[in-house]
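A quick write-up on the structure given underneath.
The values are calculated or read from the model by the stated rules, or taken from the named source; none is laboratory data. Keep in mind it's a predicted model, so treat the numbers as computed, not measured. No Cβ is skipped: glycine too gets one built from the backbone with ideal geometry, and neighbour counts run over all protein chains shown. Each accessible area value is taken on the protein alone, full model and side chains, heavy atoms only, with ligands, DNA and RNA left out. Shrake-Rupley method; radii C 1.70, N 1.55, O 1.52, S 1.80 Å.
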Amino acid sequence: MGCWRPRRLTHANLYVSDLDRAMAFYKTVVGLEEVYRRPAVKAGFLSNGNTHHDIGMVDVSSPLCRSGKPGLNHLAFETETEEDLVAGYRRAVAAGQVFPRTVDHDITRSIYGADPDGNAVEIYADTTKEWRTLRTGTVTKPTPAWTPGQPEPSRERLYHQAPEIRRVEDAVFHPRRIVQATLVARDFDGMLAFYTDVIGLGCKESSSDGAVLSGDCGQRDLVLLRNAAGLEPGLHHLRFEVDTMADLSHSERRAKSLGLALERSAPSAEGIVLRDPDGIRLRFQARDGGLASDPGAAPYLM
Ligand SMILES: [Fe+2]
């Protein structure tokens, strides 16, 4: 049992080498709507409505970019309530875990730390359901530090239980939401212990290749792959859920007609994989597609 018990993975935040180019790609190719930007820190956020953002991004020239290069900034997991978020934080601190950054984002309260491989992790609770009105266009509101527990944390479930999901019809792909991140672990045992014993995901499956971890909603939120030959430690890919194989097949034809390079092109069970302008692998998989079975698709099997 972990310090928290998150519901699910809700977003990935990326460092990008060119914010405008990346925002355009995620709108016109990936098929997410732009929700808002924070120009002061060169950040942008996109979503189809599942939560306030499925993808956040920060330009590498932003003062918020710690690494100075494109890649994963953080993965974010949502708790049931702010009360759960704060209780988990207290358990983590009591257990000697370090989560040095706690922030009031106005629509969420968020706690940031890092896993044993150095990938940043956010765990947060929504503090309002009104993100569509509070987060639109250009946002300039500051994001002050927050002391967990002050003010008294809410016991209300403030995520949308039946969100309106929008579809960007003109885009190449039509995902409903982000559903999974796959990390190649340098320290597999340490990573598995961190994401289960500290973050509080459950181990749904494990094999010689890695482990599938799941939040309370039961999705395959995080896959940890063992550091096998040929796999670089760090983010391997992000997976987006598409409604049907038929829609995915249509997207494949459209992608090919536009000359987009597809790393895995057959819209079979493991889906379609292509890279964003900074080389991040994005995988689109149909809800009705079943599980992959092609042994050549090893990093996509879990
Ligand atoms: Fe985040």
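Yes/no per residue for (1) farther than 19 Å from Asp54 by Cβ; (2) modelled with pLDDT under 95; (3) buried (at least 20 other Cβ atoms within 10 Å of the Cβ):
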{"residue": "Met191", "(1), (2), (3)": "yes, no, yes"}
{"residue": "Pro233", "(1), (2), (3)": "yes, no, no"}
{"residue": "Ala246", "(1), (2), (3)": "yes, yes, no"}
{"residue": "Ala255", "(1), (2), (3)": "yes, no, no"}
{"residue": "Gly259", "(1), (2), (3)": "yes, no, no"}
{"residue": "Arg281", "(1), (2), (3)": "no, no, no"}
{"residue": "Pro299", "(1), (2), (3)": "yes, yes, yes"}
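Hey, could you check the range 18-46 for residues that are free of Cβ contacts under 8 Å to residues at least 24 places away in the same chain and within 21 Å of Thr143 (Cα to Cα) and say which is most open to solvent (accessible area, probe 1.4 Å)?
Lys42
Pairs please, first residue from the range 89-117 and within 13 Å of the ligand (Cβ to nearest atom), second anywhere and of a type in the set (Phe, Trp, Tyr) and open to solvent by 40 Å² or more (accessible area, probe 1.4 Å), Cβ atoms under 6 Å, 6+ apart in sequence or on different chains.
Ile111/Tyr89
Looking at (1) in contact (Cβ under 8 Å) with a residue 60 or more places away in the chain; (2) open to solvent by less than 30 Å² (accessible area, probe 1.4 Å); (3) in the same structural domain as Ile272 (by TED's automatic domain parsing), which is the one condition that is false for Arg186?
(2)
Limited to the range 115-141, what total is found for residues that are assigned to a loop (DSSP other than H, G, I, E, B) and surrounded by 10 or more Cβ atoms within 10 Å (Cβ to Cβ)?
13
Taking the range 202-255 as the region of interest, how many residues are closer than 25 Å to Val30 by Cα, without any contact (Cβ under 8 Å) to a residue 40 or more places away in the chain and part of a loop (DSSP other than H, G, I, E, B)?
1
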